[in-house]
Amino acid sequence: MFTKDQIRHFQSLKTPFYYYDLKLLDQSLEEVKKHGLSRGYHIHFAIKANFNAEILERIRQAGLGIDCVSGAEIIRALECGFRPDQIAFAGVGKTDEEILIGLNHNIYSFNCESLEELRVLNELANREGKVANVAVRLNPNVEAKTHKYITTGLHENKFGISTDKLPQLFRLLHDLKSIRLMGIHFHIGSQIRDLEPFRQLCLRTNELQKEFEAEGFHLQHLNLGGGYGINYEDPDLEPIPDFKAFFDLFSEHLDHRDDQQIHFELGRSVVGQCGSLISRVLYVKEGVATDFAILDAGMTELIRPALYQASHRVDVLTSSKPEKTYDVVGPICESSDTFQRGIRLPELQRGDLVAIRSAGAYGEVMSSGFNLRERVKSYYS
Ligand SMILES: *Cc1c(COP(=O)(O)O)cnc(C)c1O
């Protein structure tokens, strides 16, 4: 995965740091273009997964738009050269200030998540003398079969408008004069590796589209969200997700009307594999059952294991000795600050370098200042 020269370079740098393989990012974007954009699909990158300017520039050049979940993300996207008409804005708790940012920049769509939000958006748009473009995010009650913290499309989740509320929603959409319905939006969860939930989503979308049409609404677009997963266990086996299989599924199962746009919002699947967190072993501490490899990176740099019980592959870059069993942990004062338990790795010693893989999405962006830790640097190849 890493060349000798790269590892030598890493040894001269202060650890921990994020390292991004931009060639892999470009290759992933080529696949997204080949199997998604070339079919006429509109794809927004979920900027919350990674908001580094270098990465966003490549994503912009590939022709993707942006999916935002905060006002600051809208501003960041605009600063990075994305056009307002490439920006969708989701989120269950948009503030008035954030809504005004979207309205004043005439973004492509507000993906509204409640009837209450639609009323507020209508009022603010009216006050500004504008008409807001809206997609309503519906909760399709589809089981994404992923970790419960990253499942978003079930009735028990806070996201989207429950389909029980459709009669009230239709009334509101007819009544509110400062919003314009453009489409319907879904996002059922993240790190979905099995395509079946997406097939279920297509079937549900087809039914819901008919209900909107029966009410006299023509939908200019359907937005199927993101959520496609990556191979965390073996990133080298699958450095680029199978985008063909993903987009083929939607082509096959979605009833899409002539002149209707199909939108997606991909985050993890685009950037997940191109990032690694590079860290140094501070101590190898003898334990009772297993030894601990204590790294200088912890949950402050990569919180996914602590937050979602996520597993990131750990590769040792500077030892090829016979293997031993380790718990690989960070330095933070939390027991959940653990990357791996009981894994076999080449024997480690103080100063060895490791790469925590598949950390390009929801890694650096979720880093925190807990324990007054400094934000780490990022480097690009
Ligand atoms: C986070 C998010 C996405 C991207 O999800 P991935 O699993 O990273 O593809 C897409 N749409 C919305 C509304 C989101 O909140």
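Take the Cβ atoms of residue 366 and residue 214, set R0 to 30 Å, and the FRET efficiency comes out at 0.10. Rounded to 0.05, the FRET efficiency of the residue 1 and residue 377 pair, given R0 = 25 Å and the Cβ-Cβ distance, is 0.80. Over all other residues within a Cβ to Cβ distance under 9 Å of residue 381, the charged ones net out to 0, with Lys and Arg as +1 and Asp and Glu as -1. Under the criterion of Cα pairs below 8 Å and six or more residues apart, the relative contact order for the stretch 57-108 equals 40 percent. Protection proxy ranking of 173-179, 39-45, by the mean of other Cβ atoms within 10 Å over each peptide's residues and highest first, is 39-45, 173-179. If the chain linking residue 26 and residue 286 were pulled fully straight, counting 0.36 nm for each residue of separation and taking away their Cα-Cα distance, it would gain 89.3 nm.
Extending 7 Å from the Cα toward the beta-carbon at both residue 324 and residue 130 defines two label points whose distance is 6.0 nm. Relative intensity of the chain on a log10 scale, I(q)/I(0) at q = 0.09, 0.12, 0.13 Å⁻¹, equals -0.55, -0.91, -1.04, per a Debye sum over C-alpha point scatterers of equal strength in the absence of solvent.
Sorting the segments 17-30, 184-197, 93-106, 363-376 by their residues' average number of neighbouring beta-carbon atoms within 10 angstrom, most packed first, yields 184-197, 17-30, 93-106, 363-376. Contact order, relative form, for the chain: 20 percent (alpha carbon pairs under 8 Å, 6 or more residues apart, mean separation divided by residue count).
Stretching the chain fully between residue 33 and residue 242 yields a gain of 74.0 nm (0.36 nm per residue, less the alpha carbon separation). Which entries in 48/210; 23/244; 34/158; 48/130; 4/324; 158/210 show an alpha-carbon gap greater than 29 Å? Table pairs above 29 Å Cα-Cα are 48/210; 34/158.
Take every DSSP beta bridge whose two residues both sit in the chain; close to 35 percent of them are antiparallel. Taking packing as the residue-averaged number of other Cβ atoms within 10 angstrom, the listed peptides 209-220, 261-272, 348-359 run from highest to lowest as 261-272, 348-359, 209-220.
Positive contributions from Lys and Arg (+1) and negative ones from Asp and Glu (-1), summed over other residues with Cβ under 12 Å from the Cβ of residue 111, come out at -2. Relative to the current alpha-carbon distance between residue 104 and residue 203, full extension at 0.36 nm per residue lengthens the span by 32.0 nm.
A short reminder: the numbers here are calculations on the coordinates, not readings from a lab. Given the structure is predicted, the values throughout are model-derived calculations rather than measurements. With ideal geometry, Cβ positions are generated from the backbone for all residues, glycine too; neighbour counts draw on all protein chains shown.
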